[in-house]
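The values are calculated or read from the model by the stated rules, or taken from the named source; none is laboratory data. A quick note: this is a predicted structure, and the numbers were derived from the prediction, not measured. When we count neighbours, we look across all protein chains shown, and the Cβ atoms used for this are built from the backbone with ideal geometry, even at glycine.
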Amino acid sequence: MSESGFELGLDDPERAGIYETDDATLPALAAAARDAGLLVRLVDLDGCHDKASLLLRIATVLDLPAGFGRNWDALSDALRDLAWMPATGYALMFESASPLRAERPQDFDVLVDVLHEACQWWAQARVPFWVFLALDEEEDEPPPSRPH
């Protein structure tokens, strides 16, 4: 059992993947992830209205190396490296993701694909890599849960 009093299996790379949640649940998930020994990063997407601001926000929160190319391929490469942030596992929490999804669905979908690829890559390396997307409940089409 984790220090938080409940067990989510966050240390299990086989269960890791992309999951939908809401903003109110993110703090509890972050605490549970820290209890499981994961490195937690919160990416607040409030005010991200385009690809450039999205990539900048992620690069800033993850402290991506100075040479980060600010494109999808560079993000994919960076998420599969993370040598500057060594950890036994990772949990990325994306707060306030609904506006980006509504305003820039293509960018949102590409982000989900890049994150899914990273989850798969880390699972093969036997490292838990979790992604939690905080989306409003009234969304018509939630992203699929993408466990491995």
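Pairing residues of region 1-23 that are farther than 12 Å from Gly89 by Cα and hydrophobic (A, V, I, L, M, F, W, C) with residues that are modelled with pLDDT under 90 and part of a loop (DSSP other than H, G, I, E, B), at Cβ distances under 7 Å and at least 6 apart in sequence or on separate chains, gives Met1/Glu7; Ile18/Pro143; Ile18/Ser145; Ile18/Arg146. Beta carbons closer than 6 Å, at least 6 apart along the sequence or on distinct chains, pair a first residue in region 78-93 that is within 13 Å of Ala16 (Cβ to Cβ) with a second that is of a type outside the set (A, V, I, L, M) and not in a loop (DSSP other than H, G, I, E, B) for Tyr90/Phe129; Ala91/Trp130; Leu92/Arg41.
A quick yes/no check of all residues on (1) buried (at least 18 other Cβ atoms within 10 Å of the Cβ); (2) at pLDDT below 95; (3) at positive phi:
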| site | (1), (2), (3) |
| --- | --- |
| Leu42 | no, no, no |
| Asp63 | no, yes, yes |
| Met85 | no, yes, no |
| Phe94 | yes, no, no |
| Asp107 | yes, no, no |
| Leu115 | yes, no, no |
| Trp121 | no, no, no |
| Ala125 | no, no, no |
